[in-house]
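The values are calculated or read from the model by the stated rules, or taken from the named source; none is laboratory data. Here the structure is a predicted model, which is why all the values come from computation and not from measurement. Cβ coordinates were reconstructed from backbone atoms using ideal geometry, including for glycine residues, and neighbour counts include every protein chain displayed.
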2 protein chains.
Amino acid sequence: MEEIRMEKLYEGKAKIIYPSSEAGMVRVYFKDDATAFNGQKRAQIAGKGSVNNQIASALFGYLEGHGIPTHFVRQLSEREMLVRQVEIVPLEVIVRNRTAGTFARRYGVEEGRVLPKPLLEFSYKNDALGDPLIYPEAALALGLLSEAELERIRTLALQINTLLKDYFAQRNLELVDFKLEFGRLPDGRLVLADEISPDTMRLWEMGTGEKMDKDRFRRDLGGVEEAYQEVLRRVQGL
Amino acid sequence: MEEIRMEKLYEGKAKIIYPSSEAGMVRVYFKDDATAFNGQKRAQIAGKGSVNNQIASALFGYLEGHGIPTHFVRQLSEREMLVRQVEIVPLEVIVRNRTAGTFARRYGVEEGRVLPKPLLEFSYKNDALGDPLIYPEAALALGLLSEAELERIRTLALQINTLLKDYFAQRNLELVDFKLEFGRLPDGRLVLADEISPDTMRLWEMGTGEKMDKDRFRRDLGGVEEAYQEVLRRVQGL
Ligand SMILES: Nc1ncnc2c1ncn2[C@@H]1O[C@H](COP(=O)(O)OP(=O)(O)O)[C@@H](O)[C@H]1O
Ligand SMILES: Nc1ncnc2c1ncn2[C@@H]1O[C@H](COP(=O)(O)OP(=O)(O)O)[C@@H](O)[C@H]1O
Ligand SMILES: [Mg+2]
Ligand SMILES: [Mg+2]
């Protein structure tokens, strides 16, 4: 059920947002484009758009089924999902279960150290500034969100972590960290938005620690398409 | 009462630490050296070492008099103070009353916006990593300090802010932000350590907003020595 092409509303690094004929909705189109290190590294990952759309659709469905409000309405086609249009809270919400990536580099620690409890970090979603880490108190002071919204995001992010850790553990994958975005519906309610996919999570094969996510692209490890496909197979397999 | 010169224990960007003949003590020698932007800009500010030693000595004395435990014992000479030797907690504790400096640059906001309440930020004291901003929860996870120490530091830093804001307001200077370091005594108690001076604070002339601190050096505003001298005069004047 592909809708007719219309003028795009926004084109980002990995997705394009198109208007929808349904009121209050937009269509998210998943591209094969991959970027890393704040846009410095760019390439295409064959089939990624399709895989990520299917993984994100499945994960949003799973989370909705467990009481998490999301923007997801339904999958429209191989590369498109229908979502409720929201006003994105300009924060990237990062949940970390182990040290990895930016965190490990920033503080000069090895990857893979288990954190004593899940660590919630926020970065100010602003490409020109390089998405800088921001304290919740600073985000409040700059008016990026309200205190009630902050508390709601904290609660939802930790619930989502518990749900996704469990989901992937059943698929022999360890959820190391991930990035979320939240948005405001017209009535002000917050919902989980954007996407959840191997582009926005670190997933390590349990036992071997093999990377099954965008780090294969970032670090030129090879087998990028295959890893994304394998995650999709496990998502569909249970 | 200059003590005999001995092998230095540590030489930093602005100070040298020498052993002392008194048990558990060290001598802090204040240099004229000034650095900015993580050591990329370097120069000498004539008389700075002497001025900062006198200002820091006066401020430590004032804070001690108001119940804040510090490493300060007494001023030894024009450029030296005697302090209790501590194990420095590797965090820079930053208190902000208005947006300025790194904060304003990092988030792309103008300087001088009043924050709704004092904002406490921590950065990991590590020159090689560029003193990166760190969440308190991350500092705990990395074992940089204990939870009890974190709570104590929070309390002390906010008390110090209230005391110093008041102190400088009486001298027609507004305390915009400042950096503190804390250290552990052999018995584990935390004390305020390092220095408090125009190198480590932003002070704006009340009314005009003229900068009376190291920003004159960082931004090539001229009148650097004069501003430091003027702060000292006001510290001594009341
Ligand atoms: N439900 C939604 N309504 C409106 N905008 C959304 C919604 N979900 C995600 N977005 C935004 O759409 C964009 C998705 O495209 P993406 O390629 O991820 O962009 P970016 O390069 O900015 O990360 C993001 O800016 C994201 O915040
Ligand atoms: N009471 C103390 N005991 C031991 N070390 C201290 C004490 N007070 C400050 N220090 C440390 O001594 C050094 C002072 O020199 P400085 O030039 O400021 O160094 P840096 O370039 O590392 O900032 C700092 O590393 C500071 O943490
Ligand atoms: Mg994005
Ligand atoms: Mg120093």
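If you check A:Leu133, A:Leu120, which single one turns out to be within 16 Å of the chain's Cα centre (by Cα), within 8 Å of chain B (Cβ to nearest Cβ), of a type in the set (A, V, I, L, M, F, W, C) and buried (at least 16 other Cβ atoms within 10 Å of the Cβ)? Can you show your working first?
Working: A:Leu133 fails: within 16 Å of the chain's Cα centre (by Cα).
Answer to the selection: A:Leu120.
Checking the conditions here, which among B:Ser123, B:Ser77 is in the same structural domain as B:Ile16 (by TED's automatic domain parsing) and hydroxyl-bearing (Ser, Thr, Tyr)?
Values: B:Ser123 fails: in the same structural domain as B:Ile16 (by TED's automatic domain parsing).
Of the residues listed, the single one that is in the same structural domain as B:Ile16 (by TED's automatic domain parsing) and hydroxyl-bearing (Ser, Thr, Tyr) is B:Ser77.
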- State yes or no: is B:Gly112 at positive phi and at the interface with chain A (Cβ under 9 Å from one of its Cβ atoms)? no
- So is B:Ala100 more than 9 Å from chain A (Cβ to nearest Cβ), without any contact (Cβ under 8 Å) to a residue 24 or more places away in the chain and either touching a helix residue (DSSP H, G or I) at 6+ places or on another chain (Cβ under 6 Å) or more than 16 Å from ligand 2 (Cβ to nearest atom) (or both) or not? no
- Only one of these is over 16 Å from B:Val51 (Cβ atoms), crowded, with 20+ Cβ neighbours inside 10 Å and touching a residue at least 24 places away in the same chain (Cβ under 8 Å): B:Arg202, B:Arg218. Name it. B:Arg202
- Item | Unique residue being touching a residue at least 24 places away in the same chain (Cβ under 8 Å), more than 10 Å from chain B (Cβ to nearest Cβ), part of a strand (DSSP E or B) and not hydrophobic (A, V, I, L, M, F, W, C) when the list is A:Glu92, A:Glu149 | A:Glu92
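Among B:Lys125, B:Lys165, which is in contact (Cβ under 8 Å) with a residue 60 or more places away in the chain and crowded, with 17+ Cβ neighbours inside 10 Å? Let's see the steps before the verdict.
Details: B:Lys125 fails: in contact (Cβ under 8 Å) with a residue 60 or more places away in the chain.
Just one listed residue meets the conditions, B:Lys165.
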- Task: State whether the residues of segment B:172-179 include one that is within 14 Å of another protein chain (Cβ to nearest Cβ) and either more than 13 Å from ligand 2 (Cβ to nearest atom) or crowded, with 17+ Cβ neighbours inside 10 Å (or both).
- Result: yes
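Per-residue answers, yes or no, for (1) crowded, with 19+ Cβ neighbours inside 10 Å; (2) within 16 Å of ligand 4 (Cβ to nearest atom):
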residue: B:Val93; (1), (2): yes, yes
residue: B:Ala100; (1), (2): yes, no
residue: B:Arg105; (1), (2): no, no
residue: B:Asn161; (1), (2): yes, no
